[in-house]
Amino acid sequence: MESTLSAGIMMAEALQNQLPGLENMWLWVTFLADPKNLFQFYFPAVYYASRRLGISLFWIAFITEWLNLVFKWFLFGDRPFWWVHESGYSAQTPVQIHQFPSSCETGPGGKSSNFLPSLVWLRSSPWVRVIPGLAYCTFLLAVGLSRVFLLAHFPHQVLAGLLAGVILGWLLSPRVPMERELSFYGLTALTLMLGASLMYWTLFTLGLDLSWSINLASKWCDRPEWVLVDSRPFASLSRDSGSALGLGIALHTPCYAQIRRVHLGNGQKIACFVLAMGLLVFLEWLGHPPQISLFYIFNFLKFTLWPCLVVALVPWMVHTLSAQEAPPIRSS
């Protein structure tokens with residue numbers, strides 16, 4: 001394993017030093033593949049194009065992210081930006097690598113979760129058949145290389161994430177529930193929250209320190225401000241459980257009931273997406289509390305609210321305003 005990890009460091013060094021002009025491209029690619037963007041950007045974009053596909057994508061997003069969180073607790077994987085120091089590799093072998101603001105993720109290094117949304121999308125979207133396969137595979141390759149470039153993952157972790165994305169996309173896509181009782185969504189959110197918490201405290205009781213990755217990230221990150229609180233494992237848990245509950249609430253609101261059978265035109269769909277992005281900018285502008293416990297609560301509420309805005313409130317507002325602006329039909 002040491003030789004595999006060492007080879008990963010050498011690959012990252014080669015990417016950083018042999019291709020210095022591509023730095024901005026790697027940063028942009030890893031931003032596009034950020035799992036959080038699947039909730040905040042890709043979900044509304046896909047939902048306004050196809051309700052069924054959007055809901056499927058949303059379901060698969062928080063289920064795969066939750067599974068990724070749990071798997072990483074058991075895998076105890078390292079990340080390159082701390083392993084190169086903790087292992088003594090940098091002391092034995094001079095290495096010219098540097099970190100970026102996206103490098104200092106605090107979760108264990110396990111399989112790369114950045115591939116999960118990409119491969120789920122490949123399985124769930126018929127639109128991918130239109131996209132040239134070569135271009136799509138090139139994007140996935142760029143995502144993997146960007147993670148190695150940033151020192152966020154080793155190459156074998158990227159390959160593991162790729163394989164996990166294929167398997168999860170294949171298994172989950174045909175089994176996505178569409179419209180169920182509100183209690184079903186509430187129980188799903190509760191299961192995600194309590195299930196992960198129970199596993200966490202069980203491992204903690206057995207003497208396993210699951211905060212080890214947070215400590216290492218804080219220790220070896222070049223800048224303290226790069227260690228972001230929203231990269232902590234429980235941040236994704238609050239996002240996943242909040243999303244599950246929020247989707248259920250959204251599908252049972254009076255606003256959604258009024259527009260459920262309504263077919264929105266292309267202009268209305270674009271207006272919905274623009275309005276949703278405006279609301280997202282406002283939510284991001286609010287920031288988050290500095291205290292960890294309050295941040296988790298805020299994050300849960302934020303992602304509970306988000307599907308309510310995307311699925312119910314925004315389409316209802318656009319449809320209502322469009323109906324008011326439409327000229328009355330005169331009877332002959």
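For residue 167 and residue 199, a Förster radius of 22 Å and the Cβ-Cβ distance give a FRET efficiency of 0.60, rounded to the nearest 0.05. For the chain, taking a cut-off of 4.7 Å between Cβ atoms, the unpaired cysteines are 137, 255, 272, 308. The spread of Cα positions in the chain, taken along each principal axis and listed from longest to shortest, comes to 89, 46, 37 Å.
Please identify every one of the chymotrypsin sites (Phe, Trp or Tyr not before Pro) in region 47-88 that sits in a loop by DSSP and has no more than 13 other beta carbons within 10 Å of its own beta carbon.
Numbers: sites: 47, 48, 58, 59, 62, 66, 71, 73, 74, 76, 81, 82, 83; in loops: 76.
Counting only loop positions with at most 13 other Cβ atoms within 10 Å, the chymotrypsin sites (Phe, Trp or Tyr not before Pro) in region 47-88 are 76.
When the Gaussian network model of the chain links Cα atoms closer than 10 Å, the mean-square fluctuations of 37, 68, 266 top out at 266. Amide H contacts under 5 Å for residue 79: 109, restricted to partners 5 or more places along the chain or on a different chain, H placed in the peptide plane at 1.01 Å from N. Report the semi-axes of the equivalent ellipsoid for region 129-216 in whole Å, largest first, where each axis is √(5λ) for an eigenvalue λ of the Cα gyration tensor. Rounded to whole Å, the semi-axes are 30, 26, 10.
With θ taken as phi - 60° and the Karplus curve 6.51 cos²θ - 1.76 cosθ + 1.60 applied, the whole-hertz 3J(HN,Hα) list for region 301-306 is 5, 4, 7, 6, 6, 4 Hz, x standing for glycine and proline. Model label points for residue 190 and residue 22, set 7 angstrom from Cα along the Cα-to-Cβ axis, are 5.0 nm apart. For region 292-322, backbone nitrogen atoms closer than 19 Å to the point 7 Å from residue 258 Cα along Cα-to-C-beta are found at 307-322.
Taking the mean number of other Cβ atoms within 10 Å as a proxy for protection, how do you rank 276-288, 247-259 from highest to lowest?
Values: 276-288: 13.0, 247-259: 17.6.
Packing proxy ranking, top to bottom: 247-259, 276-288.
Along region 13-23 the Karplus relation, 6.51 cos²θ - 1.76 cosθ + 1.60 evaluated at θ = phi - 60°, assigns HN-Hα couplings of 4, 5, 5, 6, 9, 8, 10, x, x, 9, 4 Hz to successive residues, with x for each Gly and Pro.
What size of dipole, in debye to the nearest 20, comes out for region 2-320 about its Cα centre when the only charges are +1 on Lys and Arg C-beta atoms and -1 on Asp and Glu C-beta atoms?
Details: 19 positive and 16 negative charges, 227 e Å.
With Lys and Arg at +1 and Asp and Glu at -1, about 1100 debye.
Bear in mind these aren't lab numbers, they're just calculated from the coordinates by the rules spelled out. Remember, predicted model here, so these are calculated numbers, not experimental data. Cβ coordinates were reconstructed from backbone atoms using ideal geometry, including for glycine residues, and neighbour counts include every protein chain displayed.
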